[in-house]
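Asks: Below you will find the structure I want to go over with you.
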């Protein structure tokens, strides 16, 4: 096969394993790389066949772009299927579905979305917190159903934001941005993370349980990994207590969802603001009738501006890889991310 | 009638013209004042008869407590009906339904809720702003209807909060608190008010029209009076433009609601977050099907904590009045409030 004039160098072959991507992102990738797009074909072959064909090509892919939803786990089997891969770039901060140890063992570098989404996720977390405490979405339903006109004033009181003690689980890029916003709202910020940060003025807790016991609101903002899976379980919910509120903008599996649902059903916690769930897409139906719960469909990262930033950031990581330069936002095994 | 041991001095007679009031507020008032409660009687006499009876009593009321909803306008007719009144305390920051000139002419002092609600209203304004830009309530409906599970990912993108130019109409207690929160969210704050404030770093606009033209979001936080009624009308909405968003947490009549509804229907502005409306209770039915509108039932002040603060503040104002001391939060004709 001969390279024609404007065609990108054939060695820059990228596997694209992303179901939804806007046109400008697609165009930007195709302008720079030879893109093998799994989700593009209308008569799509199964993933193993697609990967086998890619791997057997004269110029097999050296990089892959994957999404954070974990649709396609990057595990030993995946890496075995495409042994030419040397770089995986993830369109999310959380890389819980990527086996970082396996990647490291095979010399595959991994990049995530870095800080591209941090501000948007922090904004969404604060929006969920205000929404739950001040009953915004519930009040919205009350108005939209015409009940305000019929029932008049006397809608149930919300809770004041100022003065609330908010415990943040994971004080990475996102957690730090959440903390900054909460300070402007007059909240007292506490945190738990793997290590104490000397650079921040917030009180540190070595355990999530103790953090929950001292907090009115627990905001989960840590990466999902073996150590954090179900880090908010029955005992932490119990420590948070019946006036406590959970906000989760990280990964659904950081919270034991079955326990959370039970605690909400039994009034053992006061409410929840959730952008992420176990078994997405979809949220537990038991929550659909609860006015003290606010649910969004994993959109904390979804703004037009962040998608444009993500495009530029992803291309910059791939260009760095193909040029033999260090990645902009490498993720190593056991490195703190999010 | 002889005063018994624990009875409050009979001269501290207070007209209570408040339909909804929690038990602790009632109890606190009755512990200190002789309360004539218009809304308490189950077989309620019409207001004129109630006021006439109060005025004709051996010890007529010298103070009145009124609500912000403007249920009972404090105008010349009202003041004529109870000529013994010398003090009106309002359970709101906005006193648009009180004729301040008439009160001043008759030597009736007026107090409002001061800063009791400022933080809560500012929090709610920020909640509405995040909600509209990030589509929280709309996303909530999408999840709650089970559409996420059925349709999967690909929910429409929201807009980034950071970098937005937010114009605040009225930089009083509430507007200032909103500005502080918006700065933490990375917004650029502009403002309009009757006079430029030398103490703030935000860019000042002499006209609301010019403010709207330079802003992505217009937050209405001014008092309602003759000068501000419909201050956001057709021309201001046009200046704000099709990508612009309105947030109103002040009074419904500060916005020309019919024009706002038309602008939303015709896509001439991008969205609205509204806690207040013309002709409350109730919001325009035309908005009920719009995903770019968030509506709450005039609850920006409603937290358990602010209600407790309001109780203490109101009693302090009344105690000051009955002791011949200056009110804590007097409102004079043409004084900037909110």
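The values are calculated or read from the model by the stated rules, or taken from the named source; none is laboratory data. Values in this document were obtained by computation on a predicted structure and should not be read as measured data. Please note: Cβ atoms are built from the backbone with ideal geometry, for glycine as well, and neighbour counts cover all protein chains shown.
Asks: Count, please, the residues in segment A:239-258 that happen to be in a helix (DSSP H, G or I) and under 12 Å from residue A:216 (Cα atoms).
Replies: Going through segment A:239-258 one residue at a time, the tally reaches 2.
Asks: What number of residues within segment A:270-313 satisfy the criterion of being closer than 24 Å to residue A:240 by Cα, more than 9 Å from chain B (Cβ to nearest Cβ) and surrounded by fewer than 22 Cβ atoms within 10 Å (Cβ to Cβ)?
Replies: Adding up the residues that qualify gives 7.
Asks: For the structure I just gave you, tell me whether residue A:96 is in contact (Cβ under 8 Å) with a residue 60 or more places away in the chain and in contact with a helix residue (DSSP H, G or I) (Cβ under 8 Å, 6 or more places away or on another chain). So that I can check it myself, show each step before the final result.
Replies: Details: in contact (Cβ under 8 Å) with a residue 60 or more places away in the chain: yes; in contact with a helix residue (DSSP H, G or I) (Cβ under 8 Å, 6 or more places away or on another chain): yes.
Answer is yes for this residue.
Asks: Here's a follow-up. Could you grab me the full set of residues in segment B:169-210 that are assigned to a helix (DSSP H, G or I), surrounded by fewer than 24 Cβ atoms within 10 Å (Cβ to Cβ) and touching a residue at least 60 places away in the same chain (Cβ under 8 Å)?
Replies: Within segment B:169-210, just B:173 meets the criteria.
Asks: Further question: Exactly one condition in (1) at pLDDT below 95; (2) away from every other protein chain (no Cβ under 14 Å); (3) under 17 Å from residue A:69 (Cα atoms) is false for residue A:332; which is it?
Replies: The number of the failed condition is (3).
Asks: Search segment B:129-146 for residues being facing chain A (nearest Cβ under 7 Å) and under 25 Å from the mean Cα position of the chain (by Cα), and hand back the single one that is nearest to residue A:186 (Cα to Cα).
Replies: Kept after step one, since they are facing chain A (nearest Cβ under 7 Å), are these residues of segment B:129-146: B:130-131, B:134, B:136-137, B:139-140, B:142-144.
Checking which are under 25 Å from the mean Cα position of the chain (by Cα) leaves us with B:130-131, B:134, B:136-137.
On the way: B:130: 18, B:131: 20, B:134: 22, B:136: 23, B:137: 24 Å.
The extreme case among them is B:130.
Asks: Follow-up question, since we're still on this one. Is there a residue in segment B:220-231 that is touching a strand residue (DSSP E or B) at 6+ places or on another chain (Cβ under 9 Å) and over 22 Å from residue B:294 (Cα atoms)?
Replies: Within segment B:220-231, one or more residues are touching a strand residue (DSSP E or B) at 6+ places or on another chain (Cβ under 9 Å) and over 22 Å from residue B:294 (Cα atoms).
Asks: Condition first: out of contact with any helix residue (DSSP H, G or I) (no Cβ under 8 Å at 6 or more places or on another chain) and at pLDDT 95 or above. Now tell me which residues in segment A:212-237 satisfy that.
Replies: Correct list: A:214, A:216.
Asks: Out of the residues in segment A:147-162 that are surrounded by fewer than 15 Cβ atoms within 10 Å (Cβ to Cβ) and in a loop (DSSP other than H, G, I, E, B), which is farthest from the other protein chains (Cβ to nearest Cβ)?
Replies: Among residues in segment A:147-162 that are surrounded by fewer than 15 Cβ atoms within 10 Å (Cβ to Cβ) and in a loop (DSSP other than H, G, I, E, B), the one farthest from the other protein chains (Cβ to nearest Cβ) is A:156.
Asks: Another one. Would you point out which residue out of B:111, B:122 is touching a helix residue (DSSP H, G or I) at 6+ places or on another chain (Cβ under 6 Å) and within 10 Å of chain A (Cβ to nearest Cβ)?
Replies: None of the other options fit; the residue is B:122.
Asks: So residue B:254 clears everything in (1) under 15 Å from the mean Cα position of the chain (by Cα); (2) within 14 Å of chain A (Cβ to nearest Cβ); (3) buried (at least 20 other Cβ atoms within 10 Å of the Cβ) except one condition, right? Which one?
Replies: The one condition residue B:254 does not meet is (2).
Asks: So residue B:82 clears everything in (1) closer than 28 Å to residue B:310 by Cβ; (2) at pLDDT below 95 except one condition, right? Which one?
Replies: Of (1) closer than 28 Å to residue B:310 by Cβ; (2) at pLDDT below 95, only one is false for residue B:82: (2).
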